[in-house]
Structure formats: structure tokens, C-alpha cells
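Quick notes on the structure that follows.
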Amino acid sequence: SSSSQSIGSWHQQPHSSRQSSNLFCGKMSSETKDYSREQRGLQYVLQTASRGDPDSVLATIDEFCKEFKRTMNLGDVKGVIFDEFVKETAPMTMLELGTYMGYSAVRTVRLLPQGAKFITIDVNPESAAVAKEMISFAGLEDRIIQVISDSAEAIPQLKTKFNVETFDMVFIDHFKDAYIRDIKLLETNKLLRKGTVVVADNIIYPGAPDYAEYVRTCGKYDSTFHEVDDDGLEKSVFRG
């Protein structure tokens, strides 16, 4: 099973119970009406995707989001740009802030070198339980460390708890008003090194204007914006 961690007051990840199956035959079954959006997405994957195939899981989530007008993932357009960032960086240590349903964790880890350490943090135990099943279904549970905690509490403990000196890459995709707080926490806890690549999603929508201004003007990063439709990714390389 995938690694779940409890640190200080961090919560141990609960195992979500499997829901009944005969669900998705093109349209939402009435049995799913009481499910959360995240549970519906998970059930769609369990019923539709190929177990142990990360690309099938990703394509199925993308399909779910399009069919049911849900935006809950990086997506196949932004995802291709993000894939290139991951491949060119080839990180051996990577941090994700905002696990949500596990889409970007699956998307990333399928491209990482063997032996890479990938840590993903989310404060919400319900969506983290969905992500745990999603990651397991994709066959990547042994390659992803899930932490349930507020990122502000978790970041200062990452070095000691997970034996990480610095991260080669960071993906920020959690609460938009926490972006700037957490990038500064990563700096003060010396978790970034010269050349660390920090990628942040949803720079325009819902928007993280204070974060964007900071990484573009503080002098610590070489930062570029990569526009996709009405949104985009900010890629910031730490100068060290």
C-alpha cells in the first residue's frame, strides 16, 4: 500500500472504503448521486481505466472531467507542458503541494527516474483517501509518499522526517493564497538549491498574483510564464 505518514499532529491517512461497483455506463448512475465529486471521479477510473496503467488512469480522468464538466486536474493540454518540465529536470527528489485526487502525482511519477523520492502533501483527508486509491490503481503506490497535513506545518519537518536535503523540483497546486507563504517557507528551510525548478499551476485562474509578482521580481528566480488557454504555469528556476 502507498506510504502514508503521520508527523506531529499530522493525520494518518484513512483507508477509504470501496463503494459499490455497477456505476458508469456512459452516464452517471443514480447510485452515485450521494458521492462527492472526487469519489465519482475515482469510481469512473476504477470502472473504466486499466489497472496498473498510469496513462490509462490519466486519460480516464481527463475524459471524466470533459464529460461531466469538472475541472479537477492539470489536464491533457497543460499536462503535456508539465511533462516536458519533468522530463528535462529528471528530478531525484520532488515535492508536490496539493495532492487532491492524485492526478498530477500519477502524471509526474510515471516519468521519474527509478529511485526518485516523490512526496505529496494535502491537508484534506477525504481527497487524500481518494488519491491513495487512484495511485494504487495506477500501480504507483510504492513510489509516492503521501502526507496529510497543512503544508505550513509539514514543510519545516521534511528534511528530518524524509531525509531530504533539497528538492530538485517542486510543483505547487494547492490553495492559491498559500503559494507565496509556502515558497518562502521552502526558501527559509533551505529546501531549494541552485537550479531547483518550481512549477506553479493556476497562475491566472483562479489566480495567484502575489506569488507571480514575487517569483518574477524578487531576484531569486529566473521565472517564465507558460500560457495555456485562459490560464497557465509559472516555471521558476531558483538561482541559489
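Checked against the criterion of being under 12 Å from the mean Cα position of the chain (by Cα) and open to solvent by less than 50 Å² (accessible area, probe 1.4 Å), the stretch 112-119 has at least one qualifying residue. Taking the criterion of being of a type in the set (Val, Ile, Thr) and under 18 Å from ALA178 (Cα atoms), the residues of the stretch 120-148 that qualify are THR120, ILE121, VAL123, VAL147, ILE148.
The test for being among the β-branched types (Val, Ile, Thr) and at pLDDT 95 or above does not hold for VAL228. Would you say TYR205 is open to solvent by less than 40 Å² (accessible area, probe 1.4 Å), hydroxyl-bearing (Ser, Thr, Tyr) and in contact with a strand residue (DSSP E or B) (Cβ under 8 Å, 6 or more places away or on another chain)? For TYR205, the condition - open to solvent by less than 40 Å² (accessible area, probe 1.4 Å), hydroxyl-bearing (Ser, Thr, Tyr) and in contact with a strand residue (DSSP E or B) (Cβ under 8 Å, 6 or more places away or on another chain) - is not met. The residues of the stretch 133-165 that are aliphatic (A, V, I, L, M), in a helix (DSSP H, G or I) and surrounded by fewer than 18 Cβ atoms within 10 Å (Cβ to Cβ) amount to a single one, ALA152.
All of (1) under 17 Å from the mean Cα position of the chain (by Cα); (2) free of Cβ contacts under 8 Å to residues at least 60 places away in the same chain; (3) open to solvent by 10 Å² or more (accessible area, probe 1.4 Å) hold for ARG193 with one exception: (1). Residue count for the stretch 115-131, restricted to those that are in contact with a helix residue (DSSP H, G or I) (Cβ under 8 Å, 6 or more places away or on another chain) and either assigned to a helix (DSSP H, G or I) or closer than 14 Å to ARG37 by Cβ (or both): 4. Filter the stretch 214-231 for residues that are of a type outside the set (A, V, I, L, M, F, W, C) and assigned to a helix (DSSP H, G or I); which is nearest to GLU84 (Cα to Cα)? The residue in question is ARG216. Answer yes or no as to whether THR108 is at pLDDT 95 or above and surrounded by 24 or more Cβ atoms within 10 Å (Cβ to Cβ). Spelling it out, THR108 is indeed at pLDDT 95 or above and surrounded by 24 or more Cβ atoms within 10 Å (Cβ to Cβ). Output the residues belonging to the stretch 176-213 that are in a helix (DSSP H, G or I) and touching a Ser or Thr at 6+ places or on another chain (Cβ under 9 Å). Listed by number, the residues that qualify are ALA178, ARG181, ASP182, ILE183, LEU185, LEU186, ALA212.
The values are calculated or read from the model by the stated rules, or taken from the named source; none is laboratory data. What you see is a predicted model, and the numbers here were worked out from it, not measured in a lab. Don't worry about glycine lacking a Cβ; one is built from the backbone with ideal geometry, like all the others, and counts go over all protein chains shown. For the accessible areas, the whole protein counts, side chains as well, though only heavy atoms, and no ligand, DNA or RNA atoms are used. Shrake-Rupley method; radii C 1.70, N 1.55, O 1.52, S 1.80 Å.
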